[in-house]
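Student: Below: one structure in C-alpha cells.
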Amino acid sequence: MAEIASTSSGRGHQSPPAPIMNLADDHLFTVLLLLPVDSILSFSATCKRFRNLACSDSLWESLWRREWGPSSAESVKSSGLLLPWMVLFKRVCKLDSVSCHRISDLDDDEEESSSLLPLPRASHSLNFVTDYLVLFGGGREGGRHLDDTWTAYVGETNQKTLRWKKADSVTPGGRFGHTCVVIGDSLVLFGGINDRGERLNDTWIGRVGCHGKQLLWKLLTVVGAPKPPPRGAHAASCISEKTMVVQGGIGLSGVRLGDTWILELSEDLNSGTWHEVVSNALLPPRSGHTLTYIRENQVVLFGGRGLGYDVLNDVWLLDTQEQCERWIQIFYDFQDLEESASLPRVGHSATLILGGRILIYGGEDTFRHKKDDFWALDVKTIPSKGLQVDGGAVCLNGSKAWKRLDGVSYRPKGRSFHRACADGSGRYVYVFGGMVDGLNLAVTSSLRFENELFMVELLLGL
C-alpha cells in the first residue's frame with residue numbers, strides 16, 4: 001500500500017518549468033541574435049512558442065542585418081521582393097543562379113552617345129565607392145594605355161540604367177595592369193605598366209568629388225625605405241580598415257613575382273609604410289590572379305598564370321591575425337566536381353558578394369580560350385580561427401565550398417582581364433570591359449577589347 005501511495009504521489013507531482021520559459025520574448029529575442037543560425041533552427045523545434053519567435057520576420061530581418069549588413073537589407077526592401085525574411089535568408093545560403101542585365105546609358109538615344117562612353121579597354125580598374133562606379137585607365141589595342149577617369153552614380157531604384165561622366169582629374173598617369181582598392185571612402189591605386197612598357201610602383205589616393213564630376217588624386221608619401229619593386233598584372237586587396245596587401249605580378253624584364261607586401265596607411269591617408277610579408281609557405285610566382293577580402297585580416301588568393309605559363313587554380317589564404325602574417329594553401333577535394341567544369345583561369349574577377357561567397361567570373365585558360373562561367377566559393381567553409389595547418393596547408397571539402405551557378409536570361413560573351421565590383425548591398429555586381437574573342441575564332445590573336453557594362457544580379461526570388 002505504501003508503495004502504491006508513493007507511486008500515486010509521484011504521478012501527481014509536476015516539475016517546475018525550465019527557467020528559460022520565464023524569460024520574456026524580447027529577452028529571448030536578444031539572446032537569439034547572439035546565436036549561430038543552426039542553433040536558432042534547433043531552438044525553433046522545441047515548442048510552439050519558441051517556434052513562433054524563432055521564425056518571426058523581425059528576427060530574420062535582424063539576422064540578415066547581422067550577417068550581411070544594413071545596406072543589403074535596405075536593397076532587398078527596395079527591390080519589392082514580397083517574401084518572408086527567413087525564406088530570403090535560406091535562398092541566399094542556397095544560391096544557385098544569377099541573372100545578367102546589359103546596362104543601358106541614359107544618353108543611348110542621342111547621336112553623340114558613343115563619345116560620352118568610355119573607350120573599350122582591359123586591365124583597368126573598376127570600383128564602387130560612395131555610391132559611384134569609378135573606372136580608371138587600362139590598356140587598348142596596340143599596347144597603348146589610357147589615362148581617363150569615368151564615374152557613374154548608382155541609385156537605389158534602377159541599377160539597370162546609368163550615365164557615365166568623364167571626371168576632371170589630374171590623373172596618376174596612364175597605365176594598365178594596376179590595382180585600385182577601396183579603403184573607407186577613398187581609393188588606393190598602386191603600380192601598373194605604361195605604354196612604354198615601364199613597370200611602376202607609385203601609390204595614389206583618390207576621392208570622388210563634386211557629385212562625381214571630379215576625382216581628386218594625390219601621390220601618397222611613403223615613409224621609410226622599403227617598398228615593393230615596380231610591377232603590373234599583380235593583385236591587391238584591403239585587409240583591414242587602413243591596410244592594403246599587394247601580391248605577385250610581372251616585374252622588371254617580364255619576370256613573374258611571388259612576393260607579398262602590406263601597406264599601412266596613416267589615419268588621414270596622407271602617408272603610409274610598406275613592409276614585406278615573410279611566410280614559411282612558399283607562394284609560387286604568378287600574374288593575372290585575384291585577391292579578395294573575406295573578413296578582417298584575411299584575404300583569399302585564387303588562380304593566375306605561373307612561371308611555366310601554365311594557368312593555375314590553387315587557393316591560398318593570407319592570415320594576419322594575432323601579429324602573425326602567414327600564407328596557408330587550401331586544398332579542395334574535387335571528386336564530386338562535374339567533368340565539364342574547369343576551374344584553372346587567369347584574368348578573371350573574384351568579388352565578395354552577399355551571403356559570404358566569392359563570385360568568380362570569366363578569365364581564360366592556358367590556350368587563351370575565354371570563359372563565361374560563374375562560380376561561387378563559400379568562404380564560410382574557411383574557418384576564421386583555429387585552422388589546423390599541416391606544413392603550411394589545409395584540406396577542405398570541395399563539394400561544400402564550390403558551386404557552379406546557372407546564368408539566367410542575357411549571357412555576356414566570355415572575357416578576360418575585365419574588372420568587376422559589388423555595390424554596397426553585395427547583391428549586384430558590375431562588370432566592365434575586358435578582352436573577348438574576335439570574329440575569326442581560328443586565329444588565336446583575333447581578340448578585341450570591350451566597353452560593355454553589365455550587371456550580375458543574385459537571384460533571390462525564384
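Student: With θ taken as phi - 60° and the coefficients 6.51, -1.76 and 1.60, list the Karplus ³J(HN,Hα) couplings across region 425-437 in order, rounded to whole Hz; mark glycine and proline as x.
Tutor: Going residue by residue, I get 7, x, 8, 10, 10, 9, 10, 9, x, x, 9, 10, 5 Hz, with x marking Gly and Pro.
Student: Another one. If you roll a 1.4 angstrom probe over the protein chains with everything in place, what fraction of the accessible area of the chain belongs to carbon and sulfur, to the nearest %?
Tutor: Answer for the chain: carbon and sulfur cover 52 percent of the accessible area.
Student: Given the Cα-Cα distance of SER342 and ASP365 and 0.36 nm per residue of separation, how much length would full extension add, in nm?
Tutor: Gain on extension, SER342 to ASP365, equals 7.4 nm.
Student: To continue, here is another question. Quick one: net charge of LEU405's neighbours, Cβ under 11 Å, K/R +1, D/E -1?
Tutor: 0
Student: Count charges around GLY249 for me, please; just the other residues with Cβ under 12 Å from its Cβ, Lys/Arg as +1, Asp/Glu as -1.
Tutor: Local net charge: +4.
Student: Whole-Hz Karplus ³J(HN,Hα) for region 305-310, in order, using 6.51 cos²θ - 1.76 cosθ + 1.60 and θ = phi - 60°, x for Gly and Pro?
Tutor: Coupling constants for region 305-310: 10, x, 4, x, 6, 6 Hz.
Student: Provide the descending list of Cα extents for the chain along its principal axes, expressed in whole angstroms.
Tutor: 106, 56, 50
Student: From the phi angles alone, apply the Karplus equation (6.51, -1.76, 1.60; θ = phi - 60°) to region 280-297 and give each ³J(HN,Hα) in whole Hz, x where the residue is Gly or Pro.
Tutor: 5, 6, 8, 8, x, x, 6, 9, x, 9, 10, 10, 10, 5, 10, 6, 3, 6
Student: Follow-up question, since we're still on this one. Where does each of 343-349, 416-422, 381-387 land if you order them by average Cβ count within 10 Å, highest first?
Tutor: The peptides rank, most packed first, as 343-349, 416-422, 381-387.
Student: Under a 1.4 Å probe, what is the accessible area of the chain per residue, stated in Å²?
Tutor: Value for the chain: 47 Å² per residue.
Student: Below 13 angstrom from the Cβ of LEU447, what's the summed charge of the other residues (Lys, Arg +1; Asp, Glu -1)?
Tutor: Residues close to LEU447 contribute a combined charge of +3.
Student: Starting from the 7 Å offset along Cα-to-Cβ, what nm value, one decimal, do you get for the label separation of ARG65 and ARG102?
Tutor: It is 4.0 nm.
Student: Next question, about the same structure. Can you give me the distance in nm between label points at VAL31 and ASP372, each placed 7 Å from the Cα along the Cα-to-Cβ direction?
Tutor: Output for this residue pair reads 5.4 nm.
The values are calculated or read from the model by the stated rules, or taken from the named source; none is laboratory data. Just so it is clear, the model here is predicted, and its values are computed rather than measured. With ideal geometry, Cβ positions are generated from the backbone for all residues, glycine too; neighbour counts draw on all protein chains shown. Remember, those area values only see protein heavy atoms, side chains included, never the ligands or the DNA or RNA. Shrake-Rupley method; radii C 1.70, N 1.55, O 1.52, S 1.80 Å.
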